[in-house]
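*Asks:* Sharing a structure, written as C-alpha cells. Questions coming.
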Amino acid sequence: MIKLNLKKKSTPDNFSVLLMVLILALSLTGCGKTSEEYLAEAQSFYDEEDYERALPLLEQAFKKDNTNLDAISQLTECYIMLDRWQDAAPVMESGVKVDPENFRFWFNLGSIYKYLGKYSEAVNAFDKTISLDSSKAVPFYLKADALFQLENYEGAYQASKNAYEIDRSFTDNIKLYVYTSILTGNPNDAILDLELYAYGTDDLDLLAKLAHAYLMSGDFSSASTIYFEHQSDLDEANNAFKDIVLNDIERFKKNGIDHEDFEKVIEIMSGNPIFAKVDENELGNLASTQDYRSSMILKPDITYLFMDLEGYTYLYKVDNSSQTLTAFSTSPLKGYSSDSALVGAHLITNDRDGIAKISRSASGVFYESTLVEDSQIESILAMGSRVYFSKKYDDKLTIESIDLDGQNQKILKEFGNDDYFAPTLITIIGDNLFYTLSRDRFLKLNLKNGNESEFILGDEREGYISLSNCAYSDGSLYFTQEIISDDNLIKINGVYCTVNKLYKYDLASGKTTYLSQINLPAKDVEDDGFFISFYDEEIDHIYNAGEYIYFTTEDDNLYVMKKTGEGLTYLGNSENFDFVSDNQYLYFTENDGTKNIPYRVKNGSTLDKKEALIVK
C-alpha cells in the first residue's frame, strides 16, 4: 500500500493580503496624487522651460482630470514647444469643450489646426475666436492666411483688411493684405498707407508687395524703381529680393493673373534694368552732343533728355509739338553720369562704379552690363566697336580703350601723375582722338601709330586758356580765355566787369577764330583810388546749343549768347536746377517743394518765358 504525504497548503494571513492590495493600488494610482499635485510637481520644470521633464507630469495631471484648465493649457504648450502639434490638438479640443467661451483656447486651437494644414478647421476656430473678441488683429490675420492657403483670396483679402484696420503696423498682415488686394483686383486699396509704412524699410518682402501693387495699378515707373533698386538685395535671413518677386509672379500666373509687364519685371530681376522698345531706325541715328550735360539727339526733331524728376534719373523723349515728356526708359538709370557716349544701339555711360553699357536685345529690350569696373574713370568716347576712356591711377594718368564686348582693354597713352586731372576726351575724327590735358592743353593722338601733336589755340600771353570748359560741336571746339592784362577789369554802365574771350577752333583747318568778348560782373570790388581789388568769377562750363552757347560760372550763374558773340544774357543762378539743351530749347527743372517740375524755354530767351512740360 502506497502512502501519500499530503500536507495542508499554507495561506497568507490577513495582513499580508492587505499589504499586497495596497501595493498594487499604489502602483496603479501613482501614489494617489491628484491632478493639482502633478501640476505642482511639473511647475518648476515648466517655469524653467524644461518641457521634456514637465511633459510626463502634465500628461498625468490631464489624465487625472481632463477638465483641469491649467493642465490643458500647460500640456498643450509643452506639446507645441516639443513640436508635437498632432498630440496638442485633442488636448485643446477638450479645452474648448470644457470652456467654450475661452478666447485663448479657441485661438490656440485655430493655430494648431493651421500648423497641421487643417485650414478649414482653422478658419472655423478663428471665426469663433473673433466672435469672442473682434478687437485684435492677429486672429483676423491668421484666418486670412488660412483662407489664402485654401485659395479663397476674396475671403483672405477681407480678413487681412479687417486686421489692417485694427493694426496698421502689423508687417506680416500688410504683406498679405497687399498680396490679396492684387489677387482680387484691388491693388489701389493698400498703396497709400503702404507707401508711408514702407518708406525706409529694409523688409524686402514688403517692398516687393508694394512694387507689385504699383505694377498692377498701372504705375510701372514706381514699380520698376523698387524692382531696380533692390534687385540684388539679400535680407538678414539670406532671402533674395529677386526670388521673392519671381515666386510672387509665378503665383500670380498660377491663379490666372497676368500682366503685360511681367516679362519686363522678370528681366529686371535677372540683373538687367531695361528700356522700352523703340524703333530700330531711331537707334541707328543715336548721337550725343558730348557736352558736360548732354542731351541725346536721335533725329533733328527728336530729343531725348536725362532728367531727375523724383529722385531717380530716367531718359525721357521730348515731343516739342505737344510739350510732353514721355519716359523712354522703363527703369531708372543706375548712377547715370552726363559724361556719356552713344554708338549704334549702345548707350555707354560713366556711372559711379565705372563704365556701363546699355544695349538693345533682339526683342527690343535694353540690358545694362559693366564694361570697366573702376571709379577713377574721367571721361569716355565711343566709336565703331570700341570705347575710349581716360583714367587716373595712383602713379599715372592714361588714355585706354576696350571692345564693346568688354575684351581687349589697352593703354593707348600714359602720362605722369604730376597733374590732378586725367585727360578729357573731346572727339574722334578719322584715326585721331582729340583731348585736353591739364585743362589748358589741346592735343591729338593718332590711334594707329600712337603719334601725338599739340595745338596752339590762342595767345597765352593774353591770359589763361581754359579747356576744362570747352564745348565741341560740328567739327569745332569752343573755348574761353581769361584776359589777365591791365585791361582785364573794365567798367560798363558803372559796373566793374572782368574780361573773357570766346574762341572757336576748327579741327580740320587748325584755324582759331575770335567770336566775342564776355564781360562778367566782378565781385567784392574795392577801389581805394590807387588800387582796385576784386574777385574774378571764372567761366566754369560751356554748353553747345545750335546757334547759341550757354555757359556757367564758378558760382553757378547761367548765361546765354549767340555763337557770333551777340546778345549776352544773364539767366539766373543754376545751383538749384539741372538743365540741358538741344538746337531749339533749353530744358531745365525747378523744385516745387515736393518734386522737380520740367520746363523748356527757347534758346536765347530768358527763363521767365518758360513753358511747363507735361510728363506722361
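The values are calculated or read from the model by the stated rules, or taken from the named source; none is laboratory data. Bear in mind the structure is a predicted one, so any value in this text is a computation, not a measurement. We place every Cβ from the backbone using ideal geometry, glycine too, and count neighbours over all the protein chains shown. These area figures cover heavy atoms from the full protein model, side chains too; ligands, DNA and RNA do not enter into them. Shrake-Rupley method; radii C 1.70, N 1.55, O 1.52, S 1.80 Å.
*Asks:* Compute, for Leu58, the solvent-accessible surface of its heavy atoms (probe 1.4 Å) with the complete set of protein chains present, and express it in square angstrom to the nearest 10.
*Replies:* Rounded to the nearest 10, that gives 0 Å².
*Asks:* Relative to the present Cα-Cα distance, how much length would full extension add between Leu412 and Ser120 at 0.36 nm per residue of separation?
*Replies:* Full extension of this stretch gives 97.9 nm more.
*Asks:* If you take the beta carbon distance between Arg104 and Phe262 as r and set R0 to 56 Å, what does 1/(1 + (r/R0)^6) give as a FRET efficiency, to the nearest 0.05?
*Replies:* Approximately 0.80, to the nearest 0.05.
*Asks:* Now a separate question. Counting other Cβ atoms within 10 Å, keep those with at most 16, restrict to DSSP loop, and tell me which trypsin sites (Lys or Arg not before Pro) in region 29-83 are left.
*Replies:* Passing both the DSSP loop test and the Cβ count: Lys33.
*Asks:* Any idea of the accessible area per residue across region 539-585, 1.4 Å probe, to the nearest Å²?
*Replies:* Per residue, region 539-585 has 40 Å² of solvent-accessible surface.
*Asks:* While we're on this one: Roughly speaking, what is the stretch gain from Tyr496 to Ser509, that is 0.36 nm per residue apart minus the C-alpha to C-alpha distance, in nm to one decimal?
*Replies:* Using 0.36 nm per residue and subtracting the Cα-Cα distance, I get 1.0 nm.
*Asks:* At 1.4 Å probe size, with the rest of the protein present, what percent of the exposed accessible area of region 117-259 is carbon and sulfur atoms?
*Replies:* Its accessible area is 43 percent carbon and sulfur atoms.
*Asks:* Right, next: Report, by chain and number, residues whose modeled amide H sits under 5 Å from the one on Ala382, excluding near sequence neighbours (fewer than 5 apart, same chain).
*Replies:* Leu342, Tyr388
*Asks:* Given the pairs Lys504/Lys562; Lys392/Lys501; Lys396/Lys444; Lys128/Lys161; Lys491/Lys563, which span a C-alpha to C-alpha distance of over 21 angstrom in this model?
*Replies:* Lys392/Lys501; Lys491/Lys563
*Asks:* Can you sort Glu547, Glu267, Glu554 by 1.4 Å-probe accessible area, starting with the largest?
*Replies:* Largest accessible area first, the residues go Glu547, Glu554, Glu267.
*Asks:* A further question follows. Roll a 1.4 Å probe over the protein heavy atoms and report the accessible area of Phe148 in Å², nearest 10.
*Replies:* 10 Å²
*Asks:* Further question: Please identify which residues in region 216-231 have an amide N closer than 16 Å to a label point set 7 Å out from the Cα of Asp202, following the Cα→Cβ vector.
*Replies:* 230-231
*Asks:* May I ask you to compute the full-extension gain from Ala240 to Lys616, defined as 0.36 nm times their residue separation minus their alpha-carbon distance, rounded to one decimal in nm?
*Replies:* 132.1 nm
*Asks:* So, counting K/R as plus one and D/E as minus one, what does the shell of residues with Cβ under 11 Å around Leu109 add up to?
*Replies:* +3
*Asks:* May I ask you to derive the FRET efficiency for Glu41 and Asp167 from their Cβ-Cβ distance with R0 = 45 Å, giving the value to the nearest 0.05?
*Replies:* Using R0 = 45 Å, I get an efficiency of 0.65.
*Asks:* Taking amide hydrogens as modeled 1.01 Å from N in the peptide plane, which residues meet the under 5 Å criterion relative to Tyr543, leaving out close sequence neighbours?
*Replies:* Tyr550, Phe551
*Asks:* If the viscosity is 0.890 mPa s and the temperature 25 °C, what Stokes-Einstein diffusion coefficient in µm²/s follows for region 114-248 when Rh is the Kirkwood radius over Cα pairs?
*Replies:* Once the numbers are plugged in, D ends up at 161 µm²/s.
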